[in-house]
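**Q** Shown below is the structure under consideration.
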Amino acid sequence: MISNLRYWFLIALIFLVYLAGMFATLFENDSAQFSVMAMRMVQENDFLSLFKGPNEYLDKPHMHYWLAAISYKIFGLHAWAYRIPGILATLLAAYSCYGLGALLYNKDVGRLAALIFMTAQTIVLGAIDVRTDAVLTGFSILAIWQLAKYVEHGSVRSIVIGAFAAGMAFSTKGQIALLVIGLPLICHIAYTRKWNAFLSWKVLLALLVFGLTITPMLYAYYTQFDLHPEKVIRGKSNRSGIFFIFWEQSFERLSGEGIGKNSSDFFFFFHTFLWVFLPWTIIGITAYWGRLKTFFKSRLKFDSKYEFLTLGGITLIFAVISFAQFKLPHYLNITIPLFAVLTASSLYNTYRLQQQRTIHILKIGQFFVLGIVFIASALICFYVFKLNSVLAYISLVVAAIIIVYYAMKREGEYIKLITVSVCASVLLNAVLNLHFYPNLLEYQGGSSMAKIVEQKNIRVDRIYKIGDDFTWALDFYNQYPVQITSVDSLKNKKDVWVYVTEDEMELLKNKDFDWDAQFSVDQFRITRLQGKFLNPNTRKKVTGKMYLLHIY
């Protein structure tokens, strides 16, 4: 097995990558939007109401925003403070992967599961582009681990912790939490035939703890929506927040009603998985397929050497979320802990059974992944955004030398397979967090304009916009939301600044507006990358401008 020194060295490397991303500029839309929503709670001292810009927000519960607001209260209104709860939730998830792997298999599987989880691409990305999924994933896998532990050992402590974690997950994203916790547990109970776990007073205690945990969220929904039937939310009045979170939310997600539709492709998450689980994708698919064949052959007859929690949970969750009409890649984050445990158990079995041929083939696959990472890193550093400092060149060369050393070192193929996989994740995400994202975010108009506002000492309470587009990054870094006005109302204002697109600036020209100062920044929707943007020769063709105009 991998030594403690090597294991903790690899953990330290990926943690440093997390820290490197912690201080990056917030990404639009979701990260910047959620940070502004939490900021508004703190500034207005209203922790019961959720607003998305001028509109009351019904879509997601409050927990993520409360945790961010608490962090703001402690550390101040900083991007890194917003990320702290998400990173802590990710570390909690990693520890829970260890616990679940140790419970279902042994501590070696648990250690490897935690390492796989922390280095999966979508999880590393989720630590910098923090959304509700980080908190959801952390508490969901904690709940699965502790409730599975209760099923196995009948521990009161475990069922109480599991119920609390389930309540926190539900208070973060609603019914999807109960789905991702419940399906794996049902699979586990059905496979082990331990239905008697439900026949205990401890279950009633768990329901009480769950109810108490979600009470603050329900109360907030009640005061914002149920007490005000006159409010019109998404074109409807008499909206009950409690009824929404217990019933309507899931159907809206599946049908796309209210939040819209963006994909009817049933296989969206299947091909998305190919990159979200990098660098472990090949091993993960191999592990899933191998375990699936084992259960088919045994016709799900119980065998103490195996567990059905991870395989069954992954299969059912994939099936359910694939029917949703609104899909985004980070929705898969909730399945990554299960994939981590399943992949770790499969890898451990190859080591335990001394399946040298399998290990050798998997190692070749991981060297292929590492090669792709080297090529991608080189393209990012020398073509997409060229390195411009000697220190950056030296750091990249040192990192390459270390990885080549471990790749060429004479040691067991199993240890080399794991080390090379982790190094691939560390290299790619170090390049992304320290070089690619900082350069990419220069093309995010709102955060770039906020720097100019600060440098020029422009009063943030004198900045307006005339369009409907959200300005989350500018709102957050100004620590004051851009005010909305109309062209007609703007005619009556003097000594104000207007934040506009190129088309809106042309509209103001046609309406005979005059301004005596203007600033411009590049603008690109950075979360929707395309080849023309990544190519420096065609980047200007797809990059727009945002302007700040002084109407005197």
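**Q** Peptides 141-147, 526-532: what's the order by average Cβ count within 10 Å, highest mean first? Display every interim value, and only then the final one.
**A** Values: 141-147: 28.3, 526-532: 12.1.
The most tightly packed comes first, giving 141-147, 526-532.
**Q** Evaluate 2.2 N^0.38 Å with N set to the residue count of the range 444-551, then give the Cα radius of gyration divided by it. Write out the running numbers ahead of the final one.
**A** On the way: Rg = 14.3 Å, N = 108, 2.2 N^0.38 = 13.0 Å.
Taking N as the residue count of the range 444-551, the ratio is 1.09.
**Q** Which whole-angstrom value gives the distance between the alpha carbon centres of the range 109-138 and the range 140-179?
**A** Here the answer is 18 Å between Cα centres.
**Q** Fully extended, how many nm does the chain gain between residue 238 and residue 404 (0.36 nm per residue separation, minus their Cα-Cα distance)?
**A** Values: separation 166, 0.36 × 166 = 59.76 nm, distance 6.31 nm.
Full extension of this stretch gives 53.5 nm more.
**Q** Just need the relative contact order of the chain here, percent rounded to a whole number, with Cα pairs under 8 Å and 6+ apart.
**A** Values: 812 pairs, mean separation 87.4, N = 552.
Rounded, it is 16 percent for the chain.
**Q** Right, another one. Any aspartates and glutamates with Cα under 17 Å of the residue 511 Cα? List them, leaving off those in the same chain fewer than 8 positions away.
**A** 488, 502, 503
**Q** Can you return the aspartates and glutamates within cross-link range of residue 293? Criterion is Cα-Cα under 16 Å, with same-chain partners fewer than 8 residues away left out.
**A** Hits, sequence-local ones excluded: 303, 307.
**Q** Take the residue pairs 327/409; 73/149; 107/363 and return only those whose Cα atoms are more than 32 Å apart. Spell out each step's value before the answer.
**A** Working: 327/409 43 Å; 73/149 35 Å; 107/363 23 Å.
In this structure, 327/409; 73/149 exceed 32 Å between Cα atoms.
**Q** Please give the contour-minus-distance gain from residue 538 to residue 364: 0.36 nm per residue of separation, less the Cα-Cα distance, rounded to one decimal in nm. List each step's numbers first, then the result.
**A** On the way: separation 174, 0.36 × 174 = 62.64 nm, distance 3.61 nm.
Contour length minus Cα-Cα distance gives 59.0 nm.
**Q** Rank by packing, highest mean first: peptides 393-405, 439-451, with packing defined as the count of other Cβ atoms within 10 Å averaged across residues.
**A** Values: 393-405: 13.5, 439-451: 21.0.
Ranking, from highest mean packing down: 439-451, 393-405.
**Q** In the chain, with Lys and Arg counted as +1 and Asp and Glu as -1 at Cβ, which of these residues, 11, 161, 515, has the Cα nearest the positive end of the dipole, that is, farthest along it?
**A** 11
**Q** What is the sum of charges, Lys and Arg at +1 and Asp and Glu at -1, for the other residues whose Cβ falls under 14 Å from the Cβ of residue 333? Don't skip to the answer; put the middle values down first.
**A** Values: positive: 131, 173, 327; negative: 30, 129, 133.
With Lys, Arg at +1 and Asp, Glu at -1, the neighbours total 0.
**Q** Between residue 199 and residue 251, what is 0.36 nm times their sequence separation minus the Cα-Cα distance? Round to one decimal in nm. Intermediate results must be reported in sequence, preceding the final value.
**A** Numbers: separation 52, 0.36 × 52 = 18.72 nm, distance 3.09 nm.
Working it through step by step, the gained length comes to 15.6 nm.
**Q** With everything on Cα atoms, drop me the angle between helix 132-153 and the longest principal axis of the chain, reported from 0 to 90° to the nearest 10.
**A** Rounded to the nearest ten degrees, it is 20.
**Q** Further question: Local charge sum around residue 84 (other residues, Cβ-Cβ under 15 Å, Lys/Arg +1, Asp/Glu -1)?
**A** Details: positive: 73, 83, 131; negative: 129.
Here the charged neighbours net out to +2.
**Q** Okay, moving on. Once you charge only the Cβ atoms, +1 for Lys and Arg and -1 for Asp and Glu, what is the size of the charge dipole of the range 356-442 about its Cα centre, to the nearest 20 debye?
**A** Taking the Cα centre of the range 356-442 as origin, the dipole is about 280 debye.
**Q** Which angle between 0 and 90 degrees, to the nearest 10, do you get for helix 413-431 versus the longest principal axis of the chain when only C-alpha atoms count?
**A** Between the helix axis and the principal axis of the chain, the angle is about 0 degrees.
**Q** Using the number of other C-beta atoms within 10 angstrom as an exposure proxy, rank 307, 44 with the fewest first.
**A** Lowest count first: 44, 307.
**Q** Hey, another quick one. Relative to the first principal axis of the alpha-carbon coordinates of the chain, what is the inclination of helix 281-298, with its axis defined by its Cα atoms, in degrees from 0 to 90 and to the nearest 10?
**A** So the inclination is approximately 40 degrees.
**Q** Out of all DSSP beta bridges in the chain, what portion is antiparallel? Express it as a percent rounded to 5. Please list the in-between numbers first.
**A** Working: 17 of 21 bridges.
For the chain, the DSSP antiparallel bridge percentage is about 80.
**Q** Consider just the alpha-carbon atoms of the range 356-442 and return their Rg together with their Dmax, both in angstrom.
**A** Spelled out, the Cα radius of gyration and Dmax of the range 356-442 are 14.3, 48 Å.
**Q** Next question, about the same structure. Could you work out [θ]222 nm for the chain from helices alone, using -39500 (n - 2.57) per DSSP H run of at least four and dividing by all its residues? Round to the nearest 500 deg cm²/dmol.
**A** Computed mean residue ellipticity for the chain: -20000 deg cm²/dmol.
Taken together, the values in this text are just the output of simple stated rules run on the coordinates, not laboratory data. Keep in mind it's a predicted model, so treat the numbers as computed, not measured. All Cβ positions, even for glycine, are placed from backbone atoms using ideal geometry, and neighbour counts span all protein chains on display.
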